[in-house]
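Q: Can you read through this structure? Questions will come right after.
The values are calculated or read from the model by the stated rules, or taken from the named source; none is laboratory data. This structure is a prediction, so every number in the text was calculated from the model and none was measured. Here the Cβ is made from the backbone with ideal geometry for all residues, glycine too, and neighbour counts use every protein chain on show.
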There are 4 protein chains.
Amino acid sequence: MAGNVFGERIQITTFGESHGEAVGVIVDGVTPGVEIDEAYIQVQMDRRKPGQSTVTSPRKEYDKVNILSGLFEGKTTGTPLFIILFNKDMRPEDYDEIKHSFRPGHADFTYLKKYGLRDHRGSGRASGRETAARVAAGAVARKLLEQRGVSVIAYTTEIGGIQCRNYVEGSIEANPVRACDPEAAAKMIEKIESLASVGDSCGGIVECKLRGVNPGLGEPVFDKLDAEIAKAMLSIGAIKGIEFGAGFAAAKMLGSEHNDQMNADGFISNHSGGIIGGISTGADIVFRVAVKPASSISIPQHTVHVNGEEQVIVTKGRHDPCICPRIVPVVEAMACLVIEDHFKRQAAMLH
Amino acid sequence: MAGNVFGERIQITTFGESHGEAVGVIVDGVTPGVEIDEAYIQVQMDRRKPGQSTVTSPRKEYDKVNILSGLFEGKTTGTPLFIILFNKDMRPEDYDEIKHSFRPGHADFTYLKKYGLRDHRGSGRASGRETAARVAAGAVARKLLEQRGVSVIAYTTEIGGIQCRNYVEGSIEANPVRACDPEAAAKMIEKIESLASVGDSCGGIVECKLRGVNPGLGEPVFDKLDAEIAKAMLSIGAIKGIEFGAGFAAAKMLGSEHNDQMNADGFISNHSGGIIGGISTGADIVFRVAVKPASSISIPQHTVHVNGEEQVIVTKGRHDPCICPRIVPVVEAMACLVIEDHFKRQAAMLH
Amino acid sequence: MAGNVFGERIQITTFGESHGEAVGVIVDGVTPGVEIDEAYIQVQMDRRKPGQSTVTSPRKEYDKVNILSGLFEGKTTGTPLFIILFNKDMRPEDYDEIKHSFRPGHADFTYLKKYGLRDHRGSGRASGRETAARVAAGAVARKLLEQRGVSVIAYTTEIGGIQCRNYVEGSIEANPVRACDPEAAAKMIEKIESLASVGDSCGGIVECKLRGVNPGLGEPVFDKLDAEIAKAMLSIGAIKGIEFGAGFAAAKMLGSEHNDQMNADGFISNHSGGIIGGISTGADIVFRVAVKPASSISIPQHTVHVNGEEQVIVTKGRHDPCICPRIVPVVEAMACLVIEDHFKRQAAMLH
Amino acid sequence: MAGNVFGERIQITTFGESHGEAVGVIVDGVTPGVEIDEAYIQVQMDRRKPGQSTVTSPRKEYDKVNILSGLFEGKTTGTPLFIILFNKDMRPEDYDEIKHSFRPGHADFTYLKKYGLRDHRGSGRASGRETAARVAAGAVARKLLEQRGVSVIAYTTEIGGIQCRNYVEGSIEANPVRACDPEAAAKMIEKIESLASVGDSCGGIVECKLRGVNPGLGEPVFDKLDAEIAKAMLSIGAIKGIEFGAGFAAAKMLGSEHNDQMNADGFISNHSGGIIGGISTGADIVFRVAVKPASSISIPQHTVHVNGEEQVIVTKGRHDPCICPRIVPVVEAMACLVIEDHFKRQAAMLH
């Protein structure tokens, strides 16, 4: 496969460039008879869209959800759901200047090397715009997971070196950086605004927690639940690392510390992050991803022209100084897709 | 798929339990006409086998490579290579005691929940023994990569909190922990032996470097090169996290620091770890994985009987106090498989 | 996968119901840098559309091709081509009467049994309308095959018991039944019109010939070229059988008759239909498919209501009395997709 | 994938050449907790083995079933079943003479063109020996289907132009050609023996009937049940065509004849062969395959040396003069695999 298909039993195929006419997704394998509508999906789209606050890009992508197939009388039919999001407020001319240059941190150079040509407008397929299709598809999976009693929630735990110290229930969607600690959130916003004012950007960490996943999901050996989640997360452009449970800290732990011992109530600790041997334990599935600083900055940088000549470049356009707030719903969407897929794969094995 | 198949154009399917009769692998999609023999693969098997030193398990798995198909007159035929490793020195009776208990850190509980029954002898399919088949298959991929001028090398950078400070060329295979810094290696060995003497274990970090991968490999959007590597690595039982290039440190960097700027000679830095937008840049591909402390320790731990009763358990058997040294060839094997697969996928796209 | 994805290295995913808003397809894995436009694809769509003559349905589907992604400055970019065909001239009310009945020959009963509910309007996803997306995708594959010097041509050889006796070059598109023999074509038209006048329908046979496929394509063991073509063809709703080369006649032949002997110029005969051992021989690939009579007839038939009650039903709507003429471009489209896919798979193996 | 993997939720991967050391199969996705043993599989192997009568090859392949993984205390564990069949009674020297020649009807030429080299001993991977692995895997699927109440039975209906006129229950395994009509069987045997005595071979037709498949199996659009069965059957080397229900005869029928009308008891006829719109109707699934005459004949034939020089060749070795009797269990095996796979896929969709 050429890389635009994800999942096996709930399977999505996406298309679309940031400055083309539309992005969209075909969701195949949806359980029939489930009530879903455009409004339900729109809620998730609105969490991802730009222009939500001063800390996100002022572009207006206007991600209006259109479901063109797979629904009948308000219910899924079991045939492919097709969701299209027409692009608006495109300014391809913003990109004319960099048509023949490689923007540092962007996929300009690698796409040209891979394909021999590239659509330079707004990063084409490598744009964050591509994730809109993921969020739409993820909302469908979320609907199916709701019926199973599974909840999926992600939140920022660190931005620009500022870390959350508490997890305050209900605070996440109440602050524009989607941090789980309102105090930290205030400092993060300040930090982002200050960096934005000088044209720079910063990275952060997003954590995701899945609650209600029963034990037994995940396919050993190669399709372990954590392996599939890792692939899903690293397939998001800005993510450069992932860790489950204790994660990298496990490298410094002893076996006697890291092992999750059990008592009659279940696991006493959750250093494994809810997955052992690639299979869910029934405890919360917990992982964290490293989000790199946004590549588009307006500080002059060294690069080369496609002809090899050295240049100094300043990236224009309307960009996010920190990707964390808008990556939160994308992380959730991909997690929903992986988990729902594994519920279905488990059903196939047992039945 | 039920999880025992990996890859697309070079595709492996593995089988076998640690205390069954054999483990093995079918490698499909191998380029025809390539000279390879059992001795070449045996070299890699010997790097993974137990009993190499005082810091690894004294079990004798005797991983004698047998190629039963796909070779003719010393060359690959393009049909499936089948490699089988018969198990030896099995002591399933070592596991009788834990037949009805869940060993902390092991997949006993999750396998039972998934399948409704389990082969308790030596963790069955969840055993590290399963990785022998990966190393055999990885050696085939390595052979193909050699012909492309690609080298893949992994090494320990941290064990039990002790970190390598230098990268000393040629030192890795000369020390039993496969650390890249002989001085650190000495301390690591001491640490492992000291922990082993009290029945405990420790974790660490392994880094992997791929040299000679030309720019342009990787399939956006979902099959990004880093996404595929992440899946490959997290599919290895003991690995709990992965990061590329700057990785989690990127969360604390500014865009102006993290972006890899270019000059006429290419990329000036390599914070991206050789992959941008999911596609190789031509720079070294660099990633690190977090290895959890071995789960099998002989310190008493709390657990439950399958009937729910609380117990104290002591894991017997012959185990590795630190998995890093033996995971190094497994990490390399999986990396080889991913990269060779993507070379073939790129060929399919362009031709 | 849930059945709406086809192919491996050139891979299509389709969506859409006959009386929904649109049908369409994502084509992934397209070679980058190839010039293609909507007009090129439209040519094939127009061959499939209804209303071309008195022997096809008078519905106006108006299959206007819209490419919404994957093209840049007139060339493919290597990213997914998305092609959408908005539905027009829908009359869902034509189907109100059969909402709760099972039309004989149609998938009404089986869809209800599979999904527990169904979109009764015009057969939903089981409609022949679905093949529009295949023809659009097939045109993309055809473009790639043209560059390889491969031609794919299908034609009617039998309708309503009337068989073509000659193959007259250039005659196929000149008659509305796409028969390869103009004399037979005239009789076929007469037959169809006569059946249509009494509300009945008839079946036929379509042959397909692929010229210019070099020897060596096809993946033994399970993905043999003929196996893949067979799957592709039987996936077309009205097709009930396929045979390659001598086909069913081979059952009556001796080995000494059927074997294709060779001389210095190549194969002396082509009873194999251009495929031996699942791999192309370099001779023309020739196969025939059996097309069932159209299920929609206006003659009264026995059926049951969804509640189990017996009924007599008369299928209304605007239907094709014989599917052969319009299935010809669909057969070609699917053949193009299979062959192009195998060219790419062969490239992956060798490179 | 490179063609040695079949199925999705019950998935098999095979390996092995006819004159290598072994053939075998990994069966992944098997339902856990099912009682199965080598003896159960051996029954099917013995139906496929050569030397069963005067009408089959006198070679002794001795297909002794060895299950090396995936079983524990007599039950499947849900992890891969690995079955190996060591080759015996090989006489590769029989093939020395044709090392550099292309045997008519065999895949010698096409394999060389595909791979650039070939294992000439006994057709290597293109040998009928490869089907032993299919029969072993099919027996596993058959076990699972038995628990669902599904039976799969194939039988010869025509050999060398002699057709069965009756279906006599219980007669199939009682005659060496596995015909459903004992009278026809006697004539078929005579015919085969007479052809064998002059070194020639003949073809035939095998029919397969699946009973007890409930309505609703099959995945529209591309993975229709008949499409998947067609692929499975055409992947068997000697099969050149397939038809479902009325099949090619449907081409001569009217819609009013072919449509399967319904009454309160279900379908009145079964021209569709138990599949409509790619989904099972609940009626018997019935299909027929065309089996070509065996390619190996000892009558002199024209061919060329690999250097292009014209030759006359006489194929030596111990061959079947008619493949039908031994292809019957292979057809059943592949049918079992397809149906069981679709049961599991249906479970995934609904759950």
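Q: Can you work out which of the residues in the stretch D:1-60 that are of a type in the set (Asp, Glu) and surrounded by fewer than 20 Cβ atoms within 10 Å (Cβ to Cβ) is nearest to A:Ala347 (Cα to Cα)?
A: D:Glu35
Q: Kindly list the number of the only condition in (1) away from chain B (no Cβ under 14 Å); (2) aliphatic (A, V, I, L, M); (3) closer than 30 Å to B:Thr77 by Cα that fails for C:Ala347.
A: Just one mismatch for C:Ala347, condition (1).
Q: Also: Confirm whether D:Ile339 is away from chain A (no Cβ under 14 Å) and touching a strand residue (DSSP E or B) at 6+ places or on another chain (Cβ under 9 Å).
A: No.
Q: Of everything in the stretch C:298-310 that's facing chain D (nearest Cβ under 8 Å) and either modelled with pLDDT under 95 or out of contact with any His (no Cβ under 9 Å at 6 or more places or on another chain) (or both), which residue is surrounded by the fewest Cβ atoms within 10 Å (Cβ to Cβ)?
A: Ranking the candidates gives C:Gly308 first.
Q: Sort through C:Gly266, C:Gly247 and tell me the only one that's closer than 30 Å to C:Gln11 by Cβ, at the interface with chain D (Cβ under 9 Å from one of its Cβ atoms) and of a type outside the set (A, V, I, L, M).
A: C:Gly247
Q: Considering every residue within the stretch A:270-279, establish whether at least one is touching a strand residue (DSSP E or B) at 6+ places or on another chain (Cβ under 8 Å), part of a loop (DSSP other than H, G, I, E, B) and either surrounded by fewer than 24 Cβ atoms within 10 Å (Cβ to Cβ) or among the aliphatic types (A, V, I, L, M) (or both).
A: yes
Q: Oh, and also: Scan the stretch C:85-93 and tell me whether some residue there is at pLDDT 95 or above and assigned to a loop (DSSP other than H, G, I, E, B).
A: So far as the stretch C:85-93 goes, no, none of its residues is at pLDDT 95 or above and assigned to a loop (DSSP other than H, G, I, E, B).
Q: Might you check whether a residue that is of a type in the set (Phe, Trp, Tyr), out of contact with any strand residue (DSSP E or B) (no Cβ under 6 Å at 6 or more places or on another chain) and within 14 Å of chain D (Cβ to nearest Cβ) occurs anywhere in the stretch C:92-100?
A: no
Q: Would you please list the contacts, defined by Cβ atoms under 7 Å and residues six or more apart or on different chains, that run from a residue in the stretch B:33-55 that is free of Cβ contacts under 8 Å to residues at least 40 places away in the same chain to a residue that is basic (Lys, Arg) and in a loop (DSSP other than H, G, I, E, B)?
A: Sorted first by the residue in the stretch B:33-55, then by its partner, the pairs are B:Gly51/B:Arg59; B:Gly51/B:Lys60.
Q: With the requirement that a residue be more than 9 Å from chain D (Cβ to nearest Cβ) and part of a strand (DSSP E or B), what does the stretch C:198-244 give you?
A: Across the stretch C:198-244, the qualifying residues are C:Val206, C:Glu207, C:Cys208, C:Lys209, C:Leu210, C:Arg211.
Q: Can we say D:Thr281 is closer than 22 Å to D:Glu228 by Cβ, touching a Ser or Thr at 6+ places or on another chain (Cβ under 7 Å) and either of a type in the set (Phe, Trp, Tyr) or in contact (Cβ under 8 Å) with a residue 40 or more places away in the chain (or both)?
A: Yes, satisfied.
Q: Also: A:Phe72 - would you say it is touching a residue at least 12 places away in the same chain (Cβ under 8 Å), touching a His at 6+ places or on another chain (Cβ under 9 Å) and hydrophobic (A, V, I, L, M, F, W, C)?
A: Here the answer is no, as A:Phe72 does not meet what is asked.
Q: If you go through the stretch A:58-81 one residue at a time, how many are in a loop (DSSP other than H, G, I, E, B), closer than 14 Å to C:Gly124 by Cβ and small (Gly, Ala, Ser)?
A: Selection size over the stretch A:58-81: 2.
Q: Report yes if C:Gly273 is facing another protein chain (nearest Cβ under 9 Å), on the phi > 0 side of the Ramachandran plot and touching a Phe, Trp or Tyr at 6+ places or on another chain (Cβ under 6 Å), otherwise no.
A: For C:Gly273, the condition - facing another protein chain (nearest Cβ under 9 Å), on the phi > 0 side of the Ramachandran plot and touching a Phe, Trp or Tyr at 6+ places or on another chain (Cβ under 6 Å) - is met.
Q: Determine whether D:Ile10 is away from chain C (no Cβ under 14 Å), more than 29 Å from D:Gly199 (Cα to Cα) and modelled with pLDDT of 95 or more.
A: When the stated conditions are applied, D:Ile10 does not pass them.
Q: Conditions first: (1) buried (at least 24 other Cβ atoms within 10 Å of the Cβ); (2) touching an Asp or Glu at 6+ places or on another chain (Cβ under 6 Å); (3) within 30 Å of D:Gly199 (Cα to Cα). C:Leu254 passes all but one, so which condition is the exception?
A: All conditions pass for C:Leu254, except number (1).
Q: Test of understanding: among C:Gly105, C:Gly170, C:Gly124, which residue is of a type outside the set (Asp, Glu), part of a helix (DSSP H, G or I) and under 21 Å from the mean Cα position of the chain (by Cα)?
A: Unique residue meeting the criteria: C:Gly124.
Q: Could you list, in sequence order, all residues of the stretch C:109-157 that are charged (D, E, K, R) and crowded, with 24+ Cβ neighbours inside 10 Å?
A: Once the filter is applied, which keeps residues that are charged (D, E, K, R) and crowded, with 24+ Cβ neighbours inside 10 Å, the stretch C:109-157 yields C:Lys114, C:Arg118, C:Asp119, C:Arg125, C:Arg129, C:Glu130, C:Arg134, C:Arg142.
Q: Please verify whether D:Asp320 is of a type in the set (Asp, Glu) and crowded, with 24+ Cβ neighbours inside 10 Å, treating the condition exactly as stated.
A: no
Q: Out of D:Ile327, D:Ile313, report the one residue that is crowded, with 22+ Cβ neighbours inside 10 Å and either over 30 Å from C:Gln163 (Cα atoms) or modelled with pLDDT of 95 or more (or both).
A: Step by step, each of D:Ile327, D:Ile313 is checked, and only D:Ile327 is crowded, with 22+ Cβ neighbours inside 10 Å and either over 30 Å from C:Gln163 (Cα atoms) or modelled with pLDDT of 95 or more (or both).
Q: Of the conditions (1) more than 8 Å from every other protein chain (Cβ to nearest Cβ); (2) part of a loop (DSSP other than H, G, I, E, B); (3) more than 24 Å from B:Ala154 (Cα to Cα), B:Glu17 clears all except one; give me its number.
A: (1)
Q: For D:Glu38, only one of the following conditions fails: (1) at pLDDT 95 or above; (2) under 19 Å from the mean Cα position of the chain (by Cα). What is its number?
A: For D:Glu38, the failing item is (2).
Q: Looking for whichever is part of a strand (DSSP E or B), more than 8 Å from chain C (Cβ to nearest Cβ) and within 20 Å of A:Arg326 (Cβ to Cβ) here; the options are A:Val55, A:Val25, A:Val43. Which one fits?
A: Going through A:Val55, A:Val25, A:Val43 in turn, the sole match is A:Val25.
Q: Just the residues that are over 14 Å from D:Ala251 (Cβ atoms) and under 16 Å from the mean Cα position of the chain (by Cα), please, taken from the stretch C:152-167.
A: C:Val152, C:Ile153, C:Ala154, C:Tyr155
Q: Being at the interface with chain D (Cβ under 8 Å from one of its Cβ atoms) and either part of a helix (DSSP H, G or I) or among the small types (Gly, Ala, Ser) (or both): is that true of C:Ala294 here?
A: Yes.
Q: Need pairs with beta-carbon distance below 7 Å; first residue buried (at least 22 other Cβ atoms within 10 Å of the Cβ) and within the stretch A:168-193, second in a loop (DSSP other than H, G, I, E, B) and basic (Lys, Arg); sequence gap 6+ or separate chains.
A: Cβ pairs passing all conditions: A:Asp181/A:Arg165; A:Ala184/A:Arg165.
Q: Residues to consider are C:Phe248, C:Phe287; find the one that is of a type in the set (Phe, Trp, Tyr), under 18 Å from the mean Cα position of the chain (by Cα) and crowded, with 20+ Cβ neighbours inside 10 Å.
A: C:Phe287
Q: Does B:Val177 meet the test of being away from chain D (no Cβ under 14 Å), within 19 Å of the chain's Cα centre (by Cα) and over 29 Å from B:Ile67 (Cα atoms)?
A: Taking the combined requirement at face value, the residue satisfies it.
Q: Which one of the conditions (1) more than 13 Å from chain D (Cβ to nearest Cβ); (2) farther than 20 Å from C:Ser235 by Cβ does C:Val140 fail to meet, given that it meets all the rest?
A: Of (1) more than 13 Å from chain D (Cβ to nearest Cβ); (2) farther than 20 Å from C:Ser235 by Cβ, only one is false for C:Val140: (2).
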